[in-house]
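Trainee: Provided herewith is a single structure, encoded as C-alpha cells, for subsequent inquiry.
The values are calculated or read from the model by the stated rules, or taken from the named source; none is laboratory data. Fair warning: this is a prediction, and the values are worked out from it, not measured in the lab. Glycine gets a Cβ as well: all are built from the backbone with ideal geometry, and neighbour counts include every protein chain shown.
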Amino acid sequence: MRKLLQKLLTKPIIKLADRLSSRPDKKRVDKALTQLYKNLILRPGKRGPVIHFNPEADRFIILSDQHKGGRDDMDIFALAEGNYLAALDYYHQHNFFYINLGDSEELWENLFVTIKKHNQATFNSEKRFISRKAFIKIFGNHDLYWDNDPLAATGLKQIYGEPIKINEGVILHSLIKNKSLNILLTHGHQGDLQSDGNWFSKWFVSDIWGPLQAFLKINPNTPANNDLLKTDHNRIMYDWSSKQENTILITGHTHQPVFKSLTHLEKLYNDIAAAKKAGDQQLADGLSKQIVNRQAKGDVVPDFSAYRPTYFNSGCCCFDDGDITGIEIAEGQIRLIKWEYNDQKKSERKVLDECKLQELL
C-alpha cells in the first residue's frame, strides 16, 4: 500500500509543499537584505561580524540546511550524516573556517532534547572548529529558535560546551588587486512570506508535511529537482545581488545549488550556446546529451549570458541520495563542491565548478 501511495502522491505532494512552503515577495526580500547589509556594515557584531580575509591564505567552507532530526522517518539528514562528518574531518584537517548558513537543526519537527540526543557526533565534530575560533553559526527559519528563544543560549552551551553567538549574517571583506570585494552570507529566508518566522509554515511542516513525509518516506531534495531552472526565491536573491556594487551574495534556504548565478542546468544551456557559437558542434552535442530529456519536451536554449556572477547558493546537506553540497573559498578561488558516497560507500569530495574571486569583480 505504501509503495502505491508513494507512486500516486509523491509528485503532487512535492508540488503542494513547494507552493505552500515558499512565497517570496520581491519587495520584502529587497528590503530585508538591504537592511541586513547596512546593519552588518554600520554596526558589525550586532547581527553578525565583518571578517577581513586574505584570499590567498584564508580558507572558508560554507554549508547549510542539514535539518538534523531525530533519526526517524522524518529525518532527511540521516542518510547524509556520513558525508557531513567526512567533510568536517577534511575541512578541520585543512584548517578551514566553517560558516554554517542555518537550518542546521530541524526544530519545526523536533524538540531540542530530541535533536541533542541524536546528533552528538555532528555537534562534537563542529566543536573542533569552535575550539579554533573558526566557526560562525547563522540561524535559518527552521532553527529560528536559536535567535528568539530565551533558553536557546543554555541549549547551545549544552551541545557545544561553551557560549555560542547566533548571527543573522556575516560579511567577508577583501581587497583583490586593489578592488574591494564584499561577500554577504545569510540563510536567505528573509522576505519569504511563508518562511520568515511565519506560523502557518511551521504548522504545515510539523503537523502535515512531516508525518506524511515519514509515512511515505518522501524526500523532495532530489538532485534532479535541484538541477532545474532557478526557483522564484533564488531569482529574487539574484536580482538583489546584481544591483550591488562589488558584492556577491551567498545563501542557503532553497536547497538548490547555484554557482555564479546559474544552476547546473542553466550552465549547461549556456555552455551549449557558447559551443555552437564557437563552431564546436561535437562539444555542443556532448553537452546536449546531459539535458536531452528536457529538450525532448520542447525546451529551447534560454539566454543566460546577461547574468552577472553575483549570486551563489550552497545547496543543502540533506539530498535524498546522501549527497551534500557547499561553497568553498580558498586559494583565491570560489568553488561549488559536493561530497558523495562512492562504490565502496566511502565519502569523496568533488569540485562541481570553480572560478577565481577576481573574476567576480
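Trainee: Those residues that are surrounded by fewer than 20 Cβ atoms within 10 Å (Cβ to Cβ) and β-branched (Val, Ile, Thr), I need them from the range 165-194; list them, please.
Mentor: Ile176
Trainee: Which residues, taken from the range 41-99, are more than 23 Å from Ala121 (Cβ to Cβ) and of a type in the set (Gly, Ala, Ser)?
Mentor: Residues satisfying the conditions are Gly45, Gly48, Ala57.
Trainee: Quick test for you: out of Leu181, Leu175, Leu185, pick the one residue that is assigned to a strand (DSSP E or B), out of contact with any strand residue (DSSP E or B) (no Cβ under 7 Å at 6 or more places or on another chain), under 27 Å from Thr247 (Cα atoms) and assigned by TED's automatic domain parsing to the domain that holds Tyr37.
Mentor: Leu175
Trainee: A follow-up question, please. Since Ile130 meets every condition but one in (1) surrounded by fewer than 21 Cβ atoms within 10 Å (Cβ to Cβ); (2) within 16 Å of Cys317 (Cα to Cα); (3) not basic (Lys, Arg), which condition does it not meet?
Mentor: Every condition holds for Ile130 apart from (2).
Trainee: Can you confirm whether Thr263 is more than 17 Å from Asp30 (Cα to Cα), at pLDDT 85 or above and surrounded by fewer than 23 Cβ atoms within 10 Å (Cβ to Cβ)?
Mentor: So Thr263 passes the test.
Trainee: Name the residue, out of Glu340, Glu354, Glu348, that is modelled with pLDDT of 95 or more, loosely packed, with under 14 Cβ neighbours inside 10 Å and not in a loop (DSSP other than H, G, I, E, B).
Mentor: Glu348
Trainee: In the range 82-91, which residues are free of Cβ contacts under 8 Å to residues at least 40 places away in the same chain and either under 18 Å from Pro55 (Cα atoms) or surrounded by 22 or more Cβ atoms within 10 Å (Cβ to Cβ) (or both)?
Mentor: Applying the first criterion (free of Cβ contacts under 8 Å to residues at least 40 places away in the same chain) to the range 82-91 yields 89, 91.
Matches in the range 82-91: Tyr91 only.
Trainee: To continue, here is another question. Could you identify the single residue in His264, His255 that is more than 30 Å from Ile41 (Cα to Cα) and under 15 Å from the mean Cα position of the chain (by Cα)?
Mentor: Result of the check over His264, His255: His264.
Trainee: Leu101 versus (1) within 20 Å of the chain's Cα centre (by Cα); (2) surrounded by fewer than 21 Cβ atoms within 10 Å (Cβ to Cβ): which is the lone unmet condition?
Mentor: Only one criterion in (1) within 20 Å of the chain's Cα centre (by Cα); (2) surrounded by fewer than 21 Cβ atoms within 10 Å (Cβ to Cβ) is unmet by Leu101, namely (2).
Trainee: Counting only residues that are modelled with pLDDT of 95 or more and assigned by TED's automatic domain parsing to the domain that holds Lys346, give me the helices (runs of 4 or more DSSP H) lying completely in the range 57-154 with at least 1 of them. Show your work before the answer.
Mentor: Numbers: elements: 81-93, 112-118, 120-131, 145-148.
Per the criteria, 81-93, 112-118, 120-131.
Trainee: Go through the range 238-252 and give me each residue that's of a type in the set (A, V, I, L, M) and over 13 Å from the mean Cα position of the chain (by Cα).
Mentor: The answer is Ile248, and nothing else.
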